[in-house]
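Encoded as structure tokens, the structure appears first; notes follow it.
Derivation of every value follows stated rules applied to the coordinates shown; laboratory data play no part. This one's a predicted model, so the numbers in the text were calculated from it and none came from an experiment. Note that we place each Cβ from the backbone using ideal geometry, even for glycine, and neighbour counts take in every protein chain shown.
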Amino acid sequence: MPVFPQPKFSFDYDVAVETAHLRDHKRVRGIPRRQSGKLLAATWNIANLGAQHRRDPDRALIAEIISWFDIVAVQECREDFADLFDIHARLPKSFKVLMSDASGNNERMAFLYDSKKLTLLEEVGEIAFPPSRFSSIKLPGVDAQFNGFDRTPYLAAFLMGNTSMMFVNVHLYYGDETPASIARRSLETFAVAKWADLRKKSTLSFTRELVAMGDFNMPKCEVGDPIYNALTKLGLELPEHSTQIASSISSDANYDQIAFLPQTTKDHFTGKKGVFDFDAALFPALWNDGTNAKDFKAYLRYYLSDHRPMWVQLAY
């Protein structure tokens with residue numbers, strides 16, 4: 001994602017007041033409290049984190065939302081990870097950060113997680129296919145060839161109680177809405193599904209519990225959408241979320257998703273899943289009953305994000 005333009009207008013806010021707005025809306029949206037035996041996992045594309053000039057209060061609000069969850073997969077952390085580490089420093093002392101190297105668009109992917117709840121296991125890495133297997137990543141009606149990921153999905157295995165689980169953090173190719181871009185995006189998505197299917201079938205998989213989460217750049221979470229079809233073709237499932245709110249602030253797109261393997265990880269799903277629309281709670285003075293919507297969205301996407309976090313509760 002190109003860096004958004006910095007708003008030319010000024011708007012100051014009280015962090016304590018806006019934090020209270022967030023916490024009130026958290027209750028409205030039914031986000032459970034963190035508790036023993038249950039894992040709250042979230043994914044959040046924080047637009048150009050480290051490349052846009054977020055201020056101290058902005059990072060404080062981002063940290064407030066992240067602190068509600070046990071593990072958060074973050075996308076669009078740019079090569080400069082100073083903001084990521086500043087947000088980490090605002091979280092409880094038990095939180096740790098894990099990040100990939102920078103790849104496409106100079107973006108890293110990161111996990112912020114509570115080490116009291118999750119113990120990092122031995123497998124940390126990337127989804128990888130050797131070039132000799134690229135030809136196996138193919139879809140009906142798509143003539144393009146898979147040539148690897150633009151931003152390689154980042155994965156890490158954790159132990160919670162007696163349950164080990166692999167989290168896969170993705171930010172798949174977007175490009176544009178041309179057929180060529182949709183084809184490339186579909187193939188990257190299918191590559192994630194293919195990898196999950198291979199892990200499911202292998203007797204040597206590090207763990208059979210798998211959660212793929214992140215920005216899939218999926219326009220619509222429904223049968224017929226090419227990205228949805230590619231992701232679910234080999235069995236990954238996308239349970240409906242309670243709020244039915246799009247994850248993109250600027251459109252009704254369902255870019256961000258959390259997918260499970262039905263034979264394993266879905267058994268841990270408690271049925272609680274949603275999107276947190278922080279934009280419905282923050283900065284009412286700037287929103288001004290909708291009369292200042294353009295400035296409101298420009299402010300949000302620069303200082304916070306143009307994506308809303310998606311979350312899920314898993315029992316273990």
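Around G50, with a cut-off of 10 angstrom between Cβ atoms, what is the net charge of the other residues, counting Lys and Arg +1 and Asp and Glu -1?
Residues close to G50 contribute a combined charge of -3.
Give a residue-ordered list of calculated ³J(HN,Hα) values for segment 221-232 (Karplus: 6.51 cos²θ - 1.76 cosθ + 1.60, θ = phi - 60°; whole Hz; x for Gly, Pro).
8, 7, 4, x, 5, x, 6, 4, 4, 5, 5, 9
So what's segment 179-316 giving for Rg/Rh, alpha carbon basis, Kirkwood Rh from the mean inverse pair distance?
Taking Rh as the inverse mean 1/r over Cα pairs, Rg/Rh reads 1.04.
Around D279, what is the net charge, scoring Lys/Arg as +1 and Asp/Glu as -1 over all other residues with Cβ under 10 Å from its Cβ?
Surrounding charge for D279 is +1.
Could you give the size of the charge dipole of segment 194-316 about its Cα centre, using +1 on the Cβ of each K and R and -1 on the Cβ of each D and E, expressed in debye and rounded to the nearest 20? Display every interim value, and only then the final one.
Details: 14 positive and 15 negative charges, 108 e Å.
Using Cβ point charges on Lys, Arg, Asp and Glu, segment 194-316 gives about 520 debye.
Calculate, for D80 and K8, the FRET efficiency according to 1/(1 + (r/R0)^6) with r their C-beta to C-beta distance and R0 25 Å; round to the nearest 0.05. Mind dumping the intermediate values first?
Values: r = 23 Å, r/R0 = 0.94.
After rounding to 0.05, the efficiency reads 0.60.
Kindly provide the chymotrypsin sites (Phe, Trp or Tyr not before Pro) of segment 1-44 that DSSP labels as loop, not H, G, I, E or B, and whose Cβ sees at most 14 other Cβ atoms within 10 Å. Display every interim value, and only then the final one.
Values: sites: F9, F11, Y13, W44; in loops: F9, F11, Y13.
Passing sites in segment 1-44 are F9, F11.
Okay, helix-only estimate at 222 nm for the chain: each DSSP H run of n ≥ 4 adds -39500 (n - 2.57), divide by all residues, round to 500 deg cm²/dmol; what do you get?
So the calculated ellipticity at 222 nm is -7500 deg cm²/dmol.
Count the lysine pairs in segment 79-217 that are 8 or more places apart or on different chains: how many have C-alpha atoms under 26 angstrom apart?
So the count works out to 8.
Quickly work out the E240-to-A253 label distance, labels modelled 7 Å from Cα along the C-beta direction, and quote it in nm with one decimal.
So the two model labels end up 2.4 nm from each other.
Mind listing the phi-derived Karplus ³J(HN,Hα) values for segment 100-107, rounded to whole Hz, using 6.51, -1.76 and 1.60 with θ = phi - 60°, and x for any glycine or proline?
My calculation for segment 100-107 gives 8, 6, 6, 9, x, 6, 6, 9 Hz in order.
Would you mind ranking M310, M165 so that the residue whose beta carbon has the fewest other beta carbons within 10 Å leads the list?
On the way: M310 27, M165 24.
Exposure proxy ranking, most exposed first: M165, M310.
Grab the other residues whose beta carbon is less than 14 angstrom from that of Y299, score K and R as +1, D and E as -1, and report the net.
Summing Lys and Arg as +1 and Asp and Glu as -1 gives 0.
Taking every DSSP beta bridge that has both residues in segment 94-252, what percent is antiparallel when rounded to the nearest 5?
Roughly 75 percent of the DSSP beta bridges within segment 94-252 come out antiparallel.
Set Lys and Arg Cβ to +1 and Asp and Glu Cβ to -1, take the dipole of segment 15-315 about its Cα centre, and tell me which of Q257, V211, W287 lies farthest positive.
Final value for the positive-end residue is V211.
For the residue pair S202 and S135, what label-to-label distance in nm results when each label sits 7 Å from Cα along the Cα-to-beta-carbon direction?
It works out to 2.2 nm between the two label points.
For the chain, what mean projected area does the convex hull of the alpha carbons give, in nm²?
15.7
Quick one: P(r) of segment 1-87 from all Cα-Cα pairs, 10 Å bins, percents rounded to integers, in order of increasing distance.
Calculated P(r), rounded to whole percents: 14, 42, 35, 8, 1.
Taking the DSSP beta bridges in the chain as the whole, what percent of them are antiparallel, to the nearest 5?
Expressed as a percentage, antiparallel bridges in the chain total about 75.
Explain nothing, just the number: dipole magnitude of the chain about its Cα centre with +1 on each Lys and Arg Cβ and -1 on each Asp and Glu Cβ, in debye rounded to the nearest 20.
Roughly 880 debye, rounded to the nearest 20.
Considering only C-alpha atoms, what is the centroid distance from segment 144-185 to segment 247-269, in Å?
Computed from Cα coordinates, the inter-centre distance equals 13 Å.
Which FRET efficiency value, to the nearest 0.05, do you get for A20 and L159 by plugging their Cβ-Cβ distance into 1/(1 + (r/R0)^6) with R0 = 45 Å?
0.80
Filter the trypsin sites (Lys or Arg not before Pro) in segment 192-290 to those in DSSP coil with at most 16 other Cβ atoms within 10 Å of their Cβ, and list the result. Could the numbers behind the result be given before it?
Values: sites: K194, R199, K200, K201, R208, K220, K233, K266, K272, K273; in loops: R208, K220, K233.
Hits after loop and neighbour filter: R208, K220, K233.
Please work out the Cα center distance from segment 31-60 to segment 89-117, rounded to the nearest Å.
10
Report, in debye and to the nearest 20, how large the dipole of segment 177-224 comes out about its Cα centre when Lys and Arg carry +1 and Asp and Glu carry -1 on their Cβ.
Once rounded to the nearest 20, the dipole reads 260 debye.
Round to the nearest 0.05 the FRET efficiency obtained for T270 and S67 when R0 = 22 Å and r is the Cβ-Cβ distance.
Here the calculated transfer efficiency is 0.60.
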